[in-house]
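K.L.:
Let me give you the structure first, and then I'll get to my questions.
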Amino acid sequence: MKQVPPDTLILLDMSGSMNWDPSGPLIPPPPDGRRIDIARKVLLIYWMITMTKKLDGNDGKNLNARLGYMRFRESWDNGRWRPFNA
């Protein structure tokens, strides 16, 4: 049976709560200590370990996976049970 590379989607949450300290919104985060900073560091470490230390068209081959990336930002109900951007 032929193996097919998996589909991989990295979804980065960039909503307002990602500006908080990992413990919650009541504690001011240290420099480079917001949730978004930590998520970005993890993604960078992932790329550095998994890939060839550079981003190019060969990344899918090197990882043996089809790779996609998306960002999630704020989205609020507009009164019709749909996000504003729908």
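The values are calculated or read from the model by the stated rules, or taken from the named source; none is laboratory data. A quick note: this is a predicted structure, and the numbers were derived from the prediction, not measured. Here Cβ is always computed from backbone atoms with ideal geometry, including for glycine, and neighbour counts include all displayed protein chains.
K.L.:
Conditions first: (1) exposed (fewer than 13 other Cβ atoms within 10 Å of the Cβ); (2) within 20 Å of Tyr69 (Cβ to Cβ). Gly16 passes all but one, so which condition is the exception?
P.N.:
All conditions are met except number (2).
K.L.:
Just wondering, is there one or more residues in the range 1-13 that are of a type in the set (Lys, Arg) and either surrounded by fewer than 13 Cβ atoms within 10 Å (Cβ to Cβ) or part of a helix (DSSP H, G or I) (or both)? Spell out the reasoning first.
P.N.:
Taking the range 1-13 as the starting set, the residues that turn out to be of a type in the set (Lys, Arg) are 2.
Then keep just the ones that are either surrounded by fewer than 13 Cβ atoms within 10 Å (Cβ to Cβ) or part of a helix (DSSP H, G or I) (or both); that gives 2.
Yes - at least one qualifying residue is present in the range 1-13.
K.L.:
Taking Ile36 as meeting all but one of (1) outside any loop (DSSP other than H, G, I, E, B); (2) touching an Asp or Glu at 6+ places or on another chain (Cβ under 9 Å); (3) modelled with pLDDT of 85 or more; (4) exposed (fewer than 12 other Cβ atoms within 10 Å of the Cβ), write down the number of the exception.
P.N.:
Only one criterion in (1) outside any loop (DSSP other than H, G, I, E, B); (2) touching an Asp or Glu at 6+ places or on another chain (Cβ under 9 Å); (3) modelled with pLDDT of 85 or more; (4) exposed (fewer than 12 other Cβ atoms within 10 Å of the Cβ) is unmet by Ile36, namely (4).
K.L.:
With respect to Asn19, determine if the residue is at pLDDT 85 or above and not acidic (Asp, Glu).
P.N.:
When the stated conditions are applied, Asn19 passes them.
K.L.:
Sort out which residues of the range 14-33 are outside any loop (DSSP other than H, G, I, E, B) and of a type in the set (Asp, Glu), and write them in order of number.
P.N.:
At the first step, the residues of the range 14-33 found to be outside any loop (DSSP other than H, G, I, E, B) are 16-19, 21, 24.
Within the range 14-33, just Asp21 meets the criteria.
K.L.:
Suppose the filter is loosely packed, with under 10 Cβ neighbours inside 10 Å and modelled with pLDDT under 80; does Leu55 pass it? Steps first, answer last, please.
P.N.:
Values: loosely packed, with under 10 Cβ neighbours inside 10 Å: yes; modelled with pLDDT under 80: yes.
Yes: the conditions hold for Leu55.
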